[in-house]
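In what follows, a structure is listed as structure tokens, so that the remarks can point back to it.
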């Protein structure tokens, strides 16, 4: 208790210190060999005259291969330890699931549906040209298979998945070239395994597992089926995957129409798609040199005649114009996110690569049923096309390098499902661009305070809404204890204030003090339980007011606030419910994880304070409690967020029905752009525009009040109200957990509003 009689949390003097916690490039030799060849003329053949050194190395190669085999036999047959390691590596090898791609039929369109079963997107090869699947039989009339086999794996039809001879030769090549091999030891089958699993780390265990998987793949599939997988999964540069995408984008033709020279050109790209990038002049020249090597190898192996070889060398390749337009069919931000969710789940379930999972989803006639609520999405779309919500005075932005933008996510509180999403202001003009709802990590400012400080402190019974803290100059930065920090937004201090007032008016000082009481590690633990894991950053006090190395996305913030809206249960946001294949079989079933983070008492108390933010705090004037079409109030809670220098604006809020989070600002790709003063309420305005329109048919309800929540009339001093407190107009109703040690002490008179003593009656003397 201070000299004025206020009851407040002790230990928050200006000198108090917070608690903190401890915080494949091409081979040089190979490139050199290729660069020795000019674009015109005959490439180097394998049958050239070799030096004595190379002849010696050739003999040594055969000897070493035998030695390697003998050593392996000794290690793994009679060496128990080595055999154990081998068996351990093999036993942990996951079975490849490639049934979706071993079909021979043509590409089938996949469909994305909203919650009502209406199609919202079509996933086709023409719309997503970077991942078009073709059957091997359809391109067999070209030279693409011979070209790939010649340059990548000339004994492809002879080995059983791994080529011991090729591995030995690669090792010897490395020895002969100072540790750098002129070619790799991986077969096409091994490379296909890498493309299927996405695993390419350099380790003994991974290599052994790759060998085992390659041999297993050879048992399950024919050579033609393996080659079909390879030509559809091989990286071709510029985000193009597979031979069909490469043919369409580099030559403007179908893969079935490739000439010998074009086939050789494309066959050389997977070695290093960036170095041989045909869309850059230097890359195209490099690719043309490699094409000559491929053609020479094809001639050497007898796949083409000398006449064909010479004609291909002399053919002038005609490349597609780089500014050619792609499909104008644009998928929504929500649809793209839902599809990405399916792809990621497919990768995990089947142990396949991103490339393979993407190819399956876009080309195998899948039916993806999502959680999109079309009526909600329509309102969100309307808001993000409304110039008045993004630019109060467009004339002020004439000299700005870019337009303002934003991201928004709406979650159905009762299910945890994503109901709507927007990733940018204005008309969406391209597929797979930046989705600010899920990809833009921005500092959350004060919107993080309830999640990392106040709600955890309520849960730990460290605070209650009526508890007083002292808002004053503080020195809470452990790295600079002499500095006054933190500063409130208005650079002023209110003295003794309640937690409720601190939340309502977003006091930075109190948020940091409460964060200190919780403890940095504990605060980060709670945040991670709410779906925002930043534990790797370590704890530091500035996190209490939104200063993180990695910011948050609207999806993360909406998911975390949904924890408060749902009575303390966090449900991982999800965008689809199930996926069916073209035969109606269930491929994926969404099973979102849920767990309790806060008690219902904590979320009720937190929501009651966040309601004040809207009615009388930092959001008042731009938002109010939500009403239905009959004008009945639906309780509404929320919190504003602003970063230093007004670079980011947030509003996160919820009703018992929906939770929504909005970020507003600039991409800041060209410079740090300060939001104009007249636009600094736009995040709140966007949020309210959407939320006030999607509750028309909902009943008027409030946040469920637990049975052990009691209300009491209290004084602003933190004590139970007295008549004197009422006379001073300093009382209000607040909530407490019954039996909590944080209840004001019974029978203690408010020391601020002390009753005025009644003077004793004067004695009178009677006369005779």
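The values are calculated or read from the model by the stated rules, or taken from the named source; none is laboratory data. In this text, all values refer to a predicted model and were calculated from it rather than measured experimentally. All Cβ positions, even for glycine, are placed from backbone atoms using ideal geometry, and neighbour counts span all protein chains on display.
So, residue 339, is that one buried (at least 18 other Cβ atoms within 10 Å of the Cβ), at pLDDT 90 or above and within 25 Å of residue 123 (Cβ to Cβ) or not?
On the way: buried (at least 18 other Cβ atoms within 10 Å of the Cβ): yes; at pLDDT 90 or above: yes; within 25 Å of residue 123 (Cβ to Cβ): yes.
Against the criterion (buried (at least 18 other Cβ atoms within 10 Å of the Cβ), at pLDDT 90 or above and within 25 Å of residue 123 (Cβ to Cβ)), residue 339 qualifies.
Only one entry of 492, 506 meets the criterion of being part of a loop (DSSP other than H, G, I, E, B) and closer than 23 Å to residue 735 by Cα, and that entry is 506. Out of 675, 709, one residue alone is in contact with a strand residue (DSSP E or B) (Cβ under 8 Å, 6 or more places away or on another chain) and modelled with pLDDT of 95 or more. It is 709. Scanning region 633-658 for residues that are at pLDDT 95 or above and within 13 Å of residue 683 (Cα to Cα) gives 638, 639, 640, 641, 642, 648, 649, 650, 651, 652, 653. The set of residues in region 233-246 being modelled with pLDDT of 90 or more and over 19 Å from residue 280 (Cβ atoms) consists of 234, 242, 243, 244.
From the list 162, 151, 196, the one residue that fits, being modelled with pLDDT of 70 or more, touching a helix residue (DSSP H, G or I) at 6+ places or on another chain (Cβ under 8 Å) and not in a helix (DSSP H, G or I), is 162.
Out of 668, 682, 698, 729, I need the residue that is under 38 Å from the mean Cα position of the chain (by Cα) and on the phi > 0 side of the Ramachandran plot. Which one?
Values: 682 fails: on the phi > 0 side of the Ramachandran plot; 698 fails: on the phi > 0 side of the Ramachandran plot; 729 fails: under 38 Å from the mean Cα position of the chain (by Cα).
So the residue among 668, 682, 698, 729 that is under 38 Å from the mean Cα position of the chain (by Cα) and on the phi > 0 side of the Ramachandran plot is 668.
Please enumerate the residues belonging to region 100-112 that are at pLDDT 90 or above and surrounded by fewer than 21 Cβ atoms within 10 Å (Cβ to Cβ). First the steps, then the outcome.
Keep residues of region 100-112 that are at pLDDT 90 or above, which gives 110-112.
111 - this is the single residue of region 100-112 that is at pLDDT 90 or above and surrounded by fewer than 21 Cβ atoms within 10 Å (Cβ to Cβ).
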